[in-house]
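Only one structure is covered here, and it is reproduced in the block below.
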Amino acid sequence: MADKVRYYLEQTLPELEDLQKKNIFTKLEIASITRRRTDFEHRIQGRGANLLDFLKYAEFEMNLDLLRKKRIQRLGGNGEVGASVSTWSGQQRIFFIFERATRKFKGDISLWMQYISYTRQQKARHLLNKILKNVLRLHPTKPELWVLAAECELRENANRKAARNLILRGLKFNANSKQLTDAYEKLEEDVRRAVDELVTKKKQETEIDETDDESDAIDHESGAEPSDDGEGEEEVE
């Protein structure tokens, strides 16, 4: 276990050196961060590790990454002070903690929900799709997961067809699920509403174009033609 802990901590050295070099964290703060990570790693890799240990570790890293971003804004004014190894390492570590947690506690649905929620917040779509695929494979009889996956397809990828297919697949495993049936009806209603709005918009655009064409034709027909017979012109001697 000690070798594993040492290995994971060694992976964080480039990030910590970068944070200190950028003056985001002091040397004493870096030492404190290392101690906390060492403690968390020993906990989650011990025989008595529980889910709460993983969640506290993830929470610590989330708070640390939030503090890093606040200090960067204060130092640089707007955003990151030059992207480097520490820019994304915090986010990747949080993903890794959740990944290890879900491997150990596969049956905990609330854990998967938290993992999915954080991934959506970070807009990591590729990873989100992978997580959803894994959790649906492990828990096909959980209607709420199919509904969540369909919602992600709809909100994150704007893919109504994929969302519909997910709900239909979910119904194959959960034929009597009211939650899935309601979700399917709501999705179909949303699709019908979107189609109606599109048809109405196209119809209005067509009517406006036709009105403009008629107006141009009337202006053309009523326009005064110049006189050719010279009437009304003053005679010039």
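The values are calculated or read from the model by the stated rules, or taken from the named source; none is laboratory data. Every value quoted in this text rests on a predicted model; they were computed, and no experiment measured them. For neighbour counting, all protein chains shown are included, and Cβ atoms are generated from backbone atoms with ideal geometry for every residue, glycine included. Surface accessibility is based on the protein's heavy atoms, side chains included, excluding ligands, DNA and RNA. Shrake-Rupley method; radii C 1.70, N 1.55, O 1.52, S 1.80 Å.
Some notes on this structure:
- From the list ASP18, ASP3, the one residue that fits, being among the acidic types (Asp, Glu) and closer than 30 Å to ILE116 by Cβ, is ASP18.
- Taken as a whole, region 75-90 holds at least one residue that is farther than 22 Å from LEU127 by Cβ, assigned to a helix (DSSP H, G or I) and without any contact (Cβ under 8 Å) to a residue 60 or more places away in the chain.
Let's see how each residue does on (1) under 42 Å from the mean Cα position of the chain (by Cα); (2) at pLDDT below 85:
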residue: ALA175; (1), (2): yes, no
residue: LYS186; (1), (2): yes, no
residue: ARG193; (1), (2): yes, yes
residue: GLU205; (1), (2): yes, yes
residue: SER215; (1), (2): no, yes
residue: ASP219; (1), (2): no, yes
residue: GLU233; (1), (2): no, yes
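- Members of region 11-23 found to be open to solvent by 80 Å² or more (accessible area, probe 1.4 Å) and touching a residue at least 12 places away in the same chain (Cβ under 8 Å), listed by number: ASN23
- Residue match in region 79-86 (condition: polar (S, T, N, Q), open to solvent by less than 70 Å² (accessible area, probe 1.4 Å) and within 28 Å of LYS133 (Cβ to Cβ)): no
- Listed by first and then second residue, the pairs linking a residue in region 136-149 that is more than 16 Å from GLN114 (Cα to Cα) to a residue that is assigned to a helix (DSSP H, G or I) and of a type in the set (Lys, Arg), with Cβ atoms under 9 Å apart and 6 or more places separating them unless they lie on different chains, are PRO140/ARG169; PRO140/LYS172; PRO143/LYS178.
- All conditions but one from (1) exposed (fewer than 10 other Cβ atoms within 10 Å of the Cβ); (2) farther than 25 Å from LEU51 by Cα apply to GLU185; the one that does not is (1).
- Of all the listed residues (TYR8, TYR118), the sole one being touching a Lys or Arg at 6+ places or on another chain (Cβ under 9 Å), among the hydroxyl-bearing types (Ser, Thr, Tyr), in contact (Cβ under 8 Å) with a residue 24 or more places away in the chain and surrounded by 14 or more Cβ atoms within 10 Å (Cβ to Cβ) is TYR8.
- Condition met for ARG169 (without any contact (Cβ under 8 Å) to a residue 12 or more places away in the chain, out of contact with any Cys (no Cβ under 8 Å at 6 or more places or on another chain), within 21 Å of LYS106 (Cβ to Cβ) and charged (D, E, K, R)): no
- Pair list, Cβ under 7 Å, 6 or more apart: region 24-45 residue without any contact (Cβ under 8 Å) to a residue 24 or more places away in the chain, other residue in a loop (DSSP other than H, G, I, E, B): ARG43/ALA49
- Every test in (1) in a loop (DSSP other than H, G, I, E, B); (2) surrounded by 19 or more Cβ atoms within 10 Å (Cβ to Cβ) is passed by ILE97 save one, and that test is (1).
- Residues satisfying the stated conditions in region 150-175, i.e. open to solvent by 20 Å² or more (accessible area, probe 1.4 Å) and closer than 16 Å to TYR115 by Cα: GLU151, GLU156
- Filter result for GLN45 (open to solvent by less than 70 Å² (accessible area, probe 1.4 Å) and either out of contact with any Asp or Glu (no Cβ under 7 Å at 6 or more places or on another chain) or modelled with pLDDT under 95 (or both)): yes
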